[in-house]
Structure formats: C-alpha cells, structure tokens
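The values are calculated or read from the model by the stated rules, or taken from the named source; none is laboratory data. Since the structure is predicted, the reported quantities are computational estimates derived from the model, not experimental observations. As a convention, Cβ positions derive from the backbone with ideal geometry for all residues, glycine included, and neighbour counts pool all protein chains shown. Side chains are part of the model used for accessible areas, which takes the heavy atoms of the whole protein and leaves out ligands, DNA and RNA. Shrake-Rupley method; radii C 1.70, N 1.55, O 1.52, S 1.80 Å.
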Amino acid sequence: MERPHAPASATLGRIALAGLLFFILVAVAVQLLRGDLDWREAPLSFYLLDAYGHWLQAAYVVLAIALCVLGAGYYRALDARQRSAAPWLLFTAAGLGLCVTALAHSNLPGRAPTLEGFVHGVAAQAAFLCVTVAALLQSWRLRVDPRWRPRFAPAFGLALAGFAAIWVDALWHGMPRGLEQRLVIALILAWLLLAAGWLCRDRTAAARENPL
C-alpha cells in the first residue's frame, strides 16, 4: 500500500520527540534546582513561578507544539481511509490549554484565590483531559490500519491507564499532591514518547513497503 506521506510523518515524529525530551529535561532540572519546594507536595504549577519559572514556561510551550505536531504526524501516517482529525484537534486543544496554564499563575496556599488562578486550574484540567482522550482516540484508530494494528494493544492500554489516572487524581487524594500529579504526568508522557518513537520509525516502514 502506498504511503506518500510517510517521510513527512517520520519528520513530524522526530520533532515531537525532541519537544517531549526538551520538556522532560527542563522540568526535571527546574525541580532539582528549586530546593525551596518539596516535589512530593508541590504540583508542577508551583515551579512556573519565581526562580527558573520562565524556563518551565518555555518548556510548556514547546510541549504544546510537540502535541500538535504529534497529532499531525499520525494524521498523515495512517491510511487516508482510516484517519480521523479528532485526535489531532484534541492534541491541539491540549496544547492551547498548556500555553494558558504556563502563562496564568496558579493559586498558592495561604493566599486568596484569584481569577487568574481559576483560569490556570481550568486550563490545566482541560489539557489533561484533552491529551488523554486524544491518546485514547488515536490508539483506537491504530486498530483499523493493518500496518499499525500490532501497536494498538500497548498504545490503547497505556492510554487507558493515563485516562483512568487523571480521574483517580481528581477524585482521590490518598498520597501527596505533587507525587500523585507526577505519576499521572509520567503515564501521559510514557504514551507520548512511545507514540513519537513509533512515528519516527515510519520512514523505515514506508521504504520497506515502497523500495522504489
């Protein structure tokens, strides 16, 4: 089966993977440098403020771009008869939510809630919801494309775990807030890294199918 867009999708996969790795590197570095915050208690939003906050804000924007690029890559990679724009649109919506989250300051303990903090919270939750639903839908689409079908089970299973985790995080607070949030983020990032890695290798698959 001809895949004219495969080289482009592989390039988009590499861009998405680079953005994801940049976000992880900056997020880890900022948390290590901020000795005044306990990562087990403080949500990642607190690190957007004060020292090194601008670095993390930039990383959020890069992550937002990576999400949009990843959605575009899978839209191009799947067979034209099987693709859907819904995951791409949801990844883009998640990216917009991340940008708002990065720029709007969160509410802090001991201080009166603000409208800006409310906007930050809504944008963050919207980003979590959109990216996990996008992962579920994109994983589900893999099952209908013969070349991607073998990856459906691990993709859908990991996406389902991430989706369930955001609801556990919202409804159950049995562990420190920061630790609980990071476990959710780790599951989401694991799916994104796996999906981006698969997309990066799409060029090889296309060349194998179309050697000329």
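With angles folded into 0 to 90 degrees, how steeply does helix 115-142 sit against the dominant principal axis of the chain? Use alpha carbons for both and round to 10.
With both axes taken from Cα atoms, the answer is about 20 degrees.
On the accessible surface of the chain, probed at 1.4 Å, how many percent belong to carbon and sulfur atoms?
Carbon and sulfur together cover 70 percent of it.
Report the label-to-label distance for Ala86 and Arg143 in nanometres (one decimal), using points 7 Å from each Cα along the Cα→Cβ vector.
About 1.3 nm separates the two model spin labels.
Modelling each spin label as a point 7 Å along the Cα-to-Cβ direction, I'd like the Leu96/Glu41 distance in nm, to one decimal.
Once both label points are built, they end up 3.7 nm from each other.
Computed from the coordinates I sent, Cα Rg over 2.2 N^0.38 Å equals one of [x] 1.29; [y] 1.15; [z] 1.07. Tell me the label.
Label of the calculated value: [z].
Kindly express, to the nearest 10 degrees and within the range 0 to 90, the angle between helix 152-171's C-alpha long axis and the longest C-alpha principal axis of the chain.
Helix 152-171 sits roughly 20 degrees off the main axis of the chain.
For the Cα atoms of the chain, what angle does the longest principal axis make with the long axis of helix 86-103, in degrees from 0 to 90, nearest 10?
It is inclined by approximately 30 degrees.
At a Förster radius of 45 Å, what calculated FRET efficiency corresponds to the Cβ-Cβ distance of Asp79 and Leu108, to the nearest 0.05?
0.40
Under a 1.4 Å probe, what is the accessible area of segment 86-182 per residue, stated in Å²?
Computed with neighbouring chains in place, this is 52 Å² per residue.
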